[in-house]
Amino acid sequence: MPEIFAKKVKESDQVKKMLGEKCGNGSFWSSFVVNPDRLSFETQHESEEVILLGRSHPVTNLGWLSLVSIAVFVPMFWGEFPFFAVLSELTMTKVTILWYLALMFYAILNSLLWFYNVYIVTDERLVDVDFSGLLSKVVNVADLNNLEDVNYSQTGLIDSIFNIGTVVVQTASEQKTPDASGELSAFTFEKIPSPDKVTQVISLLIDNEEKENRR
Amino acid sequence: MEELIGFNITFDLVVSLLVKVSLILLSILSLIMVRQTGLMNRVVNYPIGGSLKALVWGFAFTCLLITVIVVLV
């Protein structure tokens with residue numbers, strides 16, 4: 001077996017071992033996908049292999065899901081508002097149609113933003129993809145060689161209950177990207193599950209890269 | 001209500017007009033979402049990206065169809 005291939009297999013096995021049960025079933029909807037099949041990204045090199053794909057914990061969707069769940073029932077109580085009492089039945093139907101379409105739009109948009117806001121750890125680089133809203137995207141890419149410190153923080157009740165936290169990876173570069181204005185680093189993975197294990201995984205890959213460079 | 005150049009403006013009419021304008025804006029936004037989904041899938045290319053695009057196209061098409069019907073009614 002060629003040495004480079006053996007190294008990749010070993011790294012992904014190590015990652016799987018570290019993440020344990022958190023590896024999920026390989027579904028793209030889970031928060032961790034180790035060695036995802038048939039996944040590629042925009043700036044991927046030909047020989048580059050994706051070791052880990054991750055995104056925010058599903059519990060982060062609870063806010064907008066609750067809002068949508070409540071909003072679905074609002075049209076049932078429109079008769080209670082004097083504002084709507086003066087409207088004709090046809091106009092009320094139009095308002096109801098608009099309400100449900102807007103709700104669907106809001107739900108689809110939030111699902112897409114959650115699904116595509118990911119971080120990708122490859123055998124060569126770290127990629128952070130941030131979409132905020134319909135018209136803005138920020139993609140940060142850094143070589144594993146340029147990564148310096150990896151740390152994580154957990155604050156609040158929800159973080160403690162679901163074991164979620166924010167991982168911050170410091171790079172050698174001090175360049176500030178638009179998404180990093182309120183963050184410590186451009187590589188900030190917010191509200192991800194098991195931040196301790198993700199920190200371990202990134203640290204391991206940085207160590208492996210350093211060892212390889214020394215050879 | 002108010003009569004303007006022989007045209008009776010009622011509260012119902014104003015709300016109906018606002019709903020139509022909002023639906024047109026929502027249709028435009030849904031078309032932008034279709035475009036953005038394509039771009040998102042180019043950045044991170046998932047195998048299920050095609051299904052997501054189909055879902056968003058379906059929503060945009062439904063939105064457009066309903067908008068046309070509501071505007072014409």
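Brief remarks on what is shown
- Other-chain or far-sequence residues with amide H under 5 Å of A:Tyr152's (modelled H): A:Val168
- When only Cα pairs below 8 angstrom with a gap of at least 6 residues are kept, chain B shows a relative contact order of 35 percent.
- Percent accessible area from carbon and sulfur atoms, the protein assembly as shown, protein chains only, probe 1.4 Å: 62 percent
- Between region A:66-93 and region A:109-167, the alpha-carbon centres lie 39 Å apart.
- Among the residues of region A:91-125, those with an accessible-area drop of 20 Å² or more from chain alone to full protein complex, heavy atoms and 1.4 Å probe, are A:Thr91, A:Lys94, A:Val95, A:Ile97, A:Leu98, A:Leu101, A:Phe105, A:Ile108, A:Leu112, A:Phe115, A:Tyr116.
- Computed 3J(HN,Hα) for region B:36-45, one whole-Hz value per residue from the Karplus formula 6.51 cos²θ - 1.76 cosθ + 1.60 where θ = phi - 60°, is 5, 5, x, 5, 4, 6, 6, 5, 10, 8, glycine and proline marked x.
- Per-pair calculated FRET efficiency, R0 = 25 Å: B:Val34 and A:Met76 via Cβ, rounded to 0.05: 0.20
- Accessible solvent surface per residue of chain B, calculated while the other protein chains remain in place, 1.4 angstrom probe, Å²: 58 Å²
- Residues with amide H under 5 Å from that of A:Ser173, placed H, sequence gap 5 or more: none
- Computed helical MRE - 222 nm, the protein assembly as shown, DSSP H runs ≥ 4 contributing -39500 (n - 2.57), nearest 500: -16500 deg cm²/dmol
- Region A:65-215 - Kirkwood radius from inverse mean 1/r over Cα pairs (Å): 18.8 Å
- Top of B:Val21, B:Val44, B:Val34 by mean-square fluctuation, Gaussian network on chain B, Cα under 10 Å: B:Val44
- Only alpha carbons enter this Debye calculation for chain B, each as an equal point scatterer, and the log10 of I(q)/I(0) it gives at q = 0.24 Å⁻¹ is -0.99.
- Note on chain A: with a GNM built from Cα contacts shorter than 10 Å, the maximum mean-square fluctuation among A:Gly79, A:Gly165, A:Gly54 falls on A:Gly79.
- Using a 1.4 angstrom probe on protein heavy atoms only, the contact between B and A buries about 3300 square angstrom of accessible area, both sides summed.
- Kirkwood hydrodynamic radius (C-alpha pairs) into Stokes-Einstein, the protein assembly as shown, 25 °C and 0.890 mPa s, D in µm²/s: 112 µm²/s
- With contacts taken as Cα pairs under 8 Å and at least 6 residues apart, chain A reaches a relative contact order of 18 percent.
- Placing R0 at 45 angstrom, the Cβ-Cβ distance between A:Glu42 and A:Ala85 gives a FRET efficiency of 0.25 after rounding to 0.05.
- If you run the Gaussian network model on chain A, springs between alpha carbon atoms under 10 Å, then out of A:Ile202, A:Ile97, A:Ile192 the most flexible one is A:Ile97.
The values are calculated or read from the model by the stated rules, or taken from the named source; none is laboratory data. For clarity, every value in this text was computed on a predicted model and none was experimentally measured. All Cβ positions, glycine included, derive from the backbone under ideal geometry; neighbour counts span all protein chains shown. Each accessible area value is taken on the protein alone, full model and side chains, heavy atoms only, with ligands, DNA and RNA left out. Shrake-Rupley method; radii C 1.70, N 1.55, O 1.52, S 1.80 Å.
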